[in-house]
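To keep things clear, I will list the structure first and then write my remarks on it.
What follows is calculated from the coordinates using simple rules that are stated; it is not laboratory data. Here the structure is a predicted model, which means the values were calculated and not measured. Cβ placement follows ideal geometry from the backbone for every residue including glycine, while neighbour counts extend to all protein chains displayed.
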Amino acid sequence: MTGTNLISVVGLVGQSFGADAHAALKAANVVVGSTRQLAAVSDHHGGAAEEIELRGPLTALFSTIAERSDAGLRVCILASGDPGFFGIVGALSEHVGRERLVVHPAPSSVSLAFARIGLPWDDAMVVSAHGRPLSQALERMTGPKLAVLTSPDNPPEALGAALLEAGHLARDVFVLSHLGEANEVIVRTDLEGLAKGRFDPLSVVLLIGHDRPAHQAPLSWGLPESAFSHRNGMITKAEVRAVALGKLALPVSGVLWDVGAGSGSIAVECARLRPALHVIAVERSAEDADRIRSNAQRHGTAVDLVCGNAPEALAGLPDPDRVFMSGGGIEVLDTVLTRLRPGGVVVASYALMGRAVEAQRRLGNLVQISVSRGIPTGDLGIRLSAENPVFVCWGPGREDEAAE
């Protein structure tokens, strides 16, 4: 790749890196990395480059990186192992654009971990416990061979305790820390030893011969309103939520916006069904934002929260693959459609027919959902109590046209 204002991302294993990475580092005017990484490469850029420590909010740091690059300076960012493997490349590419990045990967921590114990890993499941509740990481742990990336919030011993409590089994457990460095540590143990031990939080835990407990929670969606804290019944009703989730056709990963999230019931259910999905709830009410946080915590899900008015609050967000809108003006829908990634889906619910018709013209599909719930009336049996009808629109593109 050639051109101006390119940003190099160099993966390190200890003090080792390839020839192209070394050339990028030697030519750099600005070097960004952790204190340990900057010290490791201090002899390779001659001390002439500006050093910026990798810490604090990433958005501010990425803005600084972009400013230095836009000014014509050669920027080199240091990362551990393969920067594209649960590393900085994903977030950085969204901020500065992937076309500006030149990535020089080193072996990932997982590839090194399996190499150390002499096993292939093309059949392994890799799960990250960074930036998500441990319960959410556990939901993804399937298969006989697992690699788990632990973190300060979810260290190896916490992982061990959670696995034991949930009834998981494993024939062999390995904890590998400081891979590729002079102080590399490899510990072989079992789940009880993992739970009782004390390990470096930034480790790779390998579970060989892993088996999930026989009983797993059933797959369900459209949870009852009682499963969420909400304001005076202001929540997408369970039956409407079930239809909306079906129309969203949730991908395994990607970005989902819940715009006008209210209680966050849709955002929480999406994060619960697809733990690897990056779910962002946008809500203007600070009181409702607190409810969203509480509901996400209650269900052990990772939901990022943006408190502000749409469409202005959408400006700095990564482009979505899926969007759910609860009400909102047509201006918001138009903005969403300009940001939707190719192949994406928008689902919007409305109480007013006028807005629903305008949304259908843009999205292509509309249904009315009318629900009557059975209410016990003592010895007389039950009566039907009607909920307010709701219009659900989705698209873009008509389903009947797609079928043809």
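A few notes on this one:
- Each residue in 270, 307 was given a count of other beta-carbon atoms within 10 angstrom of its own, and listing them fewest first yields 307, 270.
- Projecting the Cα positions of 49, 318, 277 onto the charge dipole of the chain (unit charges on Cβ atoms of Lys, Arg, Asp and Glu, taken about the Cα centre) puts 277 furthest along the positive direction.
- Residues whose placed amide H lies under 5 Å from that of residue 145, excluding near-sequence neighbours: 125, 210
- From its DSSP helices (H runs of at least four residues, each -39,500 (n - 2.57)), the chain gives a residue-normalised ellipticity at 222 nm of -9000 deg cm²/dmol.
- Backbone HN-Hα couplings from phi across the stretch 179-189 [Karplus 6.51/-1.76/1.60, Hz, Gly and Pro as x]: 4, x, 9, 5, 9, 4, 10, 10, 10, 9, 8
- Under 5 Å between amide hydrogens, built in the peptide plane, is the criterion, and for residue 258 it picks out 280, 281, 282, 324 among residues at least 5 positions away or on other chains.
- Cα gyration tensor shape of the stretch 86-212, rounded if a/c is under 1.5, else prolate or oblate by comparing a/b with b/c: prolate
- When both the stretch 90-168 and the stretch 261-300 are represented by their alpha-carbon centers, they are found 24 Å apart.
- Computed from Cα atoms, the angle from the helix 330-339 axis to the main principal axis of the chain rounds to 30 degrees.
- Calculated from the structure at hand, P(r) over Cα pairs in 10 Å bins from 0, in percent is found among (1) 5, 22, 30, 24, 14, 6, 1, 0; (2) 5, 23, 33, 24, 12, 3, 0, 0; (3) 4, 19, 24, 24, 18, 8, 2, 1, 0 as (3).
- Within the chain: Cβ-based charge dipole about Cα centre, in debye rounded to nearest 20 (Lys, Arg +1; Asp, Glu -1): 400 debye
- Cut-off under 5 Å, modelled amide H: who pairs with residue 387 long-range: 371, 372, 373
- Relative to the dominant Cα principal axis of the chain, helix 286-298 is inclined by about 70°.
- Mean Cα-pair separation over length for the chain, i.e. relative contact order, pairs under 8 Å, 6 or more apart, %: 10 percent
- Residue-wise HN-Hα coupling along the stretch 55-65, computed from phi with Karplus coefficients 6.51, -1.76, 1.60 (Hz; x: Gly, Pro): 7, x, x, 5, 4, 5, 5, 5, 5, 5, 4
- Candidate lysines for bridging to residue 237, where Cα separation is under 27 Å - those fewer than 8 sequence places away on the same chain excluded: 247
- Counted over the chain, the DSSP beta bridges are approximately 45% antiparallel.
- Helix 156-166 and the longest principal axis of the Cα set of the chain meet at an angle near 40°.
- Rounded to the nearest 20 debye, dipole of the stretch 225-403 from Cβ charges on Lys, Arg, Asp, Glu: 220 debye
- Hits among aspartates and glutamates - C-alpha to C-alpha of residue 196 under 16 Å, sequence gap 8 or more where chains match: 157, 165, 172
- Only beta bridges with both residues in the stretch 225-403 are counted; by DSSP, about 45 percent of them are antiparallel.
- Residue of 157, 225, 67 that the Gaussian network model of the chain assigns the largest fluctuation, springs spanning Cα pairs under 10 Å: 67
- The overall shape of the stretch 7-107 is rounded: from the C-alpha gyration tensor, with semi-axes ordered a ≥ b ≥ c, the ratio a/c is less than 1.5.
- Residue-wise HN-Hα coupling along the stretch 261-276, computed from phi with Karplus coefficients 6.51, -1.76, 1.60 (Hz; x: Gly, Pro): 5, x, 7, x, 4, 5, 4, 5, 5, 4, 5, 6, 6, 10, x, 7
- Global form of the stretch 225-403, assessed from the alpha-carbon gyration tensor, a/c cut-off 1.5: oblate
- Charged side chains reduced to their Cβ positions (Lys and Arg at +1, Asp and Glu at -1) give the stretch 7-107 a dipole of some 60 debye around its Cα centre.
- Net +/- balance of residues flanking residue 305 in space, Cβ distance below 9 Å, scoring K and R +1, D and E -1: -1
- Fewest-first sequence of 104, 22, 168 by Cβ atoms within 10 Å of each Cβ: 22, 168, 104
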